[in-house]
Amino acid sequence: MRKLLNYTVRFIGPALCISLVFGFACPTLTNAQSSKGLGSSEDNGIRLTINDYSIINHGQDIQLHYTITSNSNIQVSSNTKSLIVNPYIWIGNTLVREESESFKKISNNEYRGTIIAQMHHYRTDNSALSFHTHGILNQTGQWTVNFMLKSSQY
């Protein structure tokens, strides 16, 4: 019994150190991954990044928070209603409609915005979301971002 106690005491110290190191390192890794957003796509020098999403209106709508950056100065007129032209938003195998978009200028080559879209009523657990558009900032191209929706959030 004494030998068992000696082995336990001898190995508890390193095990405790390892668990503390991983306990402090894992949140840092998680934050580093989330700062890159859920996904991004680039074409013609314009990068679209879907930063995150939130489910609103009792699960009826989804807000997609995005960032658009460009290699050059972005010129947008003051009466522009949308930076992203006709986005196609697929949740699973269902195309959902965009209801509204709002955005603000962060710098000469960066905008951040939010798109609100209706969600379909029946969703499988951990549905795939695919965001696709052929036009951003009056530029034609192909931008597609895919990520998973967590069922615990709706």
Next item on the list: Please give the number of the condition GLU101 fails out of (1) in contact with a Gly (Cβ under 7 Å, 6 or more places away or on another chain); (2) closer than 19 Å to GLN142 by Cβ.
Entry: (2)
Notebook entry, point to check: Of all residues in the range 80-106, which are closer than 16 Å to SER127 by Cα and more than 19 Å from the chain's Cα centre (by Cα)?
Noted result: ASN93, THR94
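Just for the range 122-139: of the residues that are of a type in the set (Ser, Thr, Tyr) and modelled with pLDDT of 95 or more, which one is surrounded by the most Cβ atoms within 10 Å (Cβ to Cβ)? Show your work before the answer.
Looking only at the range 122-139, we keep the residues that are of a type in the set (Ser, Thr, Tyr), and these are 122, 124, 127, 130, 133.
Next, only the ones that are modelled with pLDDT of 95 or more stay: 130, 133.
Working: SER130: 15, THR133: 21.
Top of the filtered list is THR133.
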Next item on the list: Only residues that are assigned to a strand (DSSP E or B) and of a type in the set (D, E, K, R): list them for the range 92-144, please.
Entry: GLU98, GLU99, GLU101, LYS104, LYS105, GLU110, ARG112
Checklist line | Of all residues in the range 39-70 being closer than 20 Å to MET148 by Cα, of a type in the set (Gly, Ala, Ser) and not in a loop (DSSP other than H, G, I, E, B), the one that is nearest to the chain's Cα centre (by Cα) | finding: GLY39
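The values are calculated or read from the model by the stated rules, or taken from the named source; none is laboratory data. Predicted model, so just to flag it, every value in this text is computed and none were measured. Note: ideal-geometry Cβ built from the backbone for every residue, glycine included; neighbour counts use all protein chains shown.
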